Amino acid sequence: MASRQIVSSKNVCVIGAGVSGLVAAKAFSTRGHNVTIIEKSADLGGVWEPARSYPEVQTQSPKDLYRYTDRAMPASYPEWPTGPQVHAYLSDYAKSFGLERMLRFNTKVENMARRGDGKPGWMLTLSDRSGATSKEDFDFVAVCTGQFSDPLELHCPGESDFKAQGGRILHSSGYNDASLVSGRRVVVLGGSKSATDIAVNAVKSGARKVTIVFREPVWRIPYFIGGLINFKRILYIRAQEQMFPGWGAGMASRLALRLAAPMIWANWRGLESLLKAQLKLKKCNMVPNGRIEDGINCSVPIATPNFHPMVADGRIKAIRGTFDHYESGTIVMSGGERVQADLAVLAIGYKLGVPFLPEAWRAKLVDADGQYRLYRLIANPDLPDMGFVGFNSSFCTVLCADLAANWLVRYADGRLARQPTAQAMRDNIEMMLHFKRVERPAAGVYGGLCVAPYHYRHFDELIADIGAKQTRRNGLAERFLPPDAEAYAKYLASAPDYHAA
């Protein structure tokens, strides 16, 4: 048996203790690096931290896809685990792998700069809850803040008067107590799953009146398509993925897609018809204008159970538009409609960015149009001693973060089987940006940091880079199966071994 290769141990800072930060810390510490996890909140979990979770929140992905490669969710969990269950799973993961001792809560990264001692790495300025600051040097930084860290804000005229008369405005991340809506007239702004989840919860929690305001209807996918088939067996499979044109496609691939175009068209039209009937979209006046295949990416939400029936029977009033301004006890919509309200919940998402990175470095990471310059959605050759985990957003976020973390530690140690040169990374980034801007604009959402619907393609690239000896399972059958976390655990185990000392 070949001896394990040895590399130099690094002091690594992992920023964020959510899904991505925990697996990044585990990947680096397992390889022998000294890891510190910086978390600005008082608990781990990121979006699953109880203080940030709204009542009845549950995963969009089934539990066998929303898991790490080396830890299955408990068998007792339902197919779509609840927020408290996911938090318990993450807490157990941290405890099992000794990550708790690396955690530093209530600590925020204010800014960072290249180390002043001439050594590789970064100097981070940190602040604690009291506001006291300190500076610490690290050899490598893994940014794991993801896309759901800082809530977006929306301010409209009349807010002060609305609040002065007893009205309340909060972001969806602050809706963590169902008693907030009891007996109140609630207006939810947004079209995401969190918006529809909160609207349904408000009805069930005794709200006097519930209204949801959204710009345009979008295609939503129910947990069971046709009431029978788990959506993972339709939208998570390689066969469906291959119906989309991919990046770097050759003449043969383009010809194959052209020949299959009639069948692909019929596939999508059939799915649209099924969704229209199942969700009663015409009765709800929520039939989307665009084709479903043109918008499949990370912004496609799961249909909240009971949402469409509640809209259809009037328990939830749906209005197209957005907020224009507030008045005393009233919110006026962009179309002029006036809605009486006591509570406005802004389910409008989060800011995407790395605010602690100096502008000169941020310009190397993000283009003027908001597109991120990241090779494999993980690293930038012009940002030395740094990588990103959890920025490869997808329908199976935990698995994506796990593979990205395992890729990143090998990249940082120069131990990828296909270690790219800086120029090769830049060329690939340019090719991918062209694909997202020109060939498939739907792939450019969230700054281009979306894997869906190309899960398998993305995973294939990461596993090949890592040097796994096996990359496929079950031959033809694999084309019709969703990703298997345990199979990817075996692939990772087959890669060349090494350790830091």
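The values are calculated or read from the model by the stated rules, or taken from the named source; none is laboratory data. Everything numeric in this text was worked out from a predicted model, so none of it was measured. Don't worry about glycine lacking a Cβ; one is built from the backbone with ideal geometry, like all the others, and counts go over all protein chains shown.
Asn297 fails exactly one of the following numbered conditions: (1) outside any helix (DSSP H, G or I); (2) touching a Cys at 6+ places or on another chain (Cβ under 7 Å); (3) farther than 29 Å from Leu352 by Cβ. What is the number of that condition?
For Asn297, the exception is condition (3).
Read through the list (1) over 22 Å from Arg185 (Cα atoms); (2) under 30 Å from the mean Cα position of the chain (by Cα), then give the number of the only condition that Pro305 fails.
(1)
Applying the selection to segment 218-253, what residues are surrounded by 17 or more Cβ atoms within 10 Å (Cβ to Cβ) and in contact with a strand residue (DSSP E or B) (Cβ under 8 Å, 6 or more places away or on another chain)?
Arg220, Ile221, Pro222, Tyr223, Phe231, Ile234, Leu235
Based on this model, can you work out whether Tyr89 counts as closer than 30 Å to Phe231 by Cα and touching a helix residue (DSSP H, G or I) at 6+ places or on another chain (Cβ under 6 Å)?
No, not satisfied.
Tell me, which residue of segment 316-355 that is free of Cβ contacts under 8 Å to residues at least 40 places away in the same chain and within 22 Å of Val218 (Cβ to Cβ) is surrounded by the fewest Cβ atoms within 10 Å (Cβ to Cβ)?
Among those that are free of Cβ contacts under 8 Å to residues at least 40 places away in the same chain and within 22 Å of Val218 (Cβ to Cβ), it is Gly335.
Of all residues in segment 476-501, which are hydrophobic (A, V, I, L, M, F, W, C), free of Cβ contacts under 8 Å to residues at least 60 places away in the same chain and over 16 Å from Leu65 (Cα atoms)?
Leu476, Ala477, Ala493
Could you list all residues from segment 132-151 that are surrounded by fewer than 21 Cβ atoms within 10 Å (Cβ to Cβ) and modelled with pLDDT of 90 or more?
Matches in segment 132-151: Ala132, Thr133, Ser134, Lys135, Glu136, Asp137, Asp139.
Scan segment 119-162 residue by residue and report those that are within 22 Å of Asn380 (Cβ to Cβ), part of a loop (DSSP other than H, G, I, E, B) and of a type outside the set (Ser, Thr, Tyr).
Lys119, Pro120, Gly121, Asp139, Cys144, Gly146, Gln147, Phe148
Looking for whichever is surrounded by fewer than 15 Cβ atoms within 10 Å (Cβ to Cβ), of a type outside the set (A, V, I, L, M, F, W, C) and touching a residue at least 40 places away in the same chain (Cβ under 8 Å) here; the options are Asp294, Asp313. Which one fits?
Asp294
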